[in-house]
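Report on one structure; see the data block that follows.
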Amino acid sequence: MKKLLFVLTAAVILAGCTAEKAAAPAANADNGGAIKSAAQAAEALKSRTPRADELGKDVVCPVMGTKFKVNKTTQVFDYKGKAYYMCCNGCPQAFSKNPEKYIKG
């Protein structure tokens, strides 16, 4: 009886390990899709310095919501055909990681 119990327990454990290994590639496939989407978003996101006609313009930082005037050190992101102006050195990193979080239609 002990041998039968041991064999059944081992079979259940092995079956569980096999099921987890089979599920892992599917999870990675979904993750790969997310990586591809992030790569596509990064391609559309372009960082630059402000053009001469943008200097002095009143803008709002999409990350902090701060109103400020564009100066020659302002970092600008062009994304989906629109310019987004960052108010400080911390905002570009947050914006570039997830621009969709900060833009308003």
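The values are calculated or read from the model by the stated rules, or taken from the named source; none is laboratory data. A quick note: this is a predicted structure, and the numbers were derived from the prediction, not measured. Please note: Cβ atoms are built from the backbone with ideal geometry, for glycine as well, and neighbour counts cover all protein chains shown.
In the chain, which helices (runs of 4 or more DSSP H) lie fully inside it and hold 2 or more residues that are at pLDDT below 90? First the steps, then the outcome.
On the way: elements: 2-44, 91-97, 99-102.
Helices (runs of 4 or more DSSP H) meeting the threshold: 2-44.
Please specify each residue of region 69-99 satisfying the condition of being under 15 Å from the mean Cα position of the chain (by Cα) and either surrounded by 16 or more Cβ atoms within 10 Å (Cβ to Cβ) or not assigned by TED's automatic domain parsing to the domain that holds Asp53 (or both). Walk me through it before giving the result.
Just the residues of region 69-99 that are under 15 Å from the mean Cα position of the chain (by Cα), to begin with: 79, 91-99.
Tyr79, Cys91, Pro92, Phe95, Ser96, Pro99 - these are the residues of region 69-99 that are under 15 Å from the mean Cα position of the chain (by Cα) and either surrounded by 16 or more Cβ atoms within 10 Å (Cβ to Cβ) or not assigned by TED's automatic domain parsing to the domain that holds Asp53 (or both).
For region 65-105, which residues satisfy the criterion of being of a type in the set (Lys, Arg) and closer than 17 Å to Arg48 by Cα?
From region 65-105, those of a type in the set (Lys, Arg) are 67, 69, 72, 80, 82, 97, 101, 104; that's our starting set.
Within region 65-105, Lys69, Lys72, Lys80, Lys82, Lys97 meet the criteria.
Between residues in region 73-88 that are within 11 Å of Lys46 (Cβ to Cβ) and residues that are acidic (Asp, Glu) and modelled with pLDDT of 95 or more, which pairs lie under 8 Å by C-beta distance while being six or more apart or on different chains?
Partner pairs satisfying both residue conditions: Val76/Glu54; Ala83/Glu54; Tyr84/Asp78.
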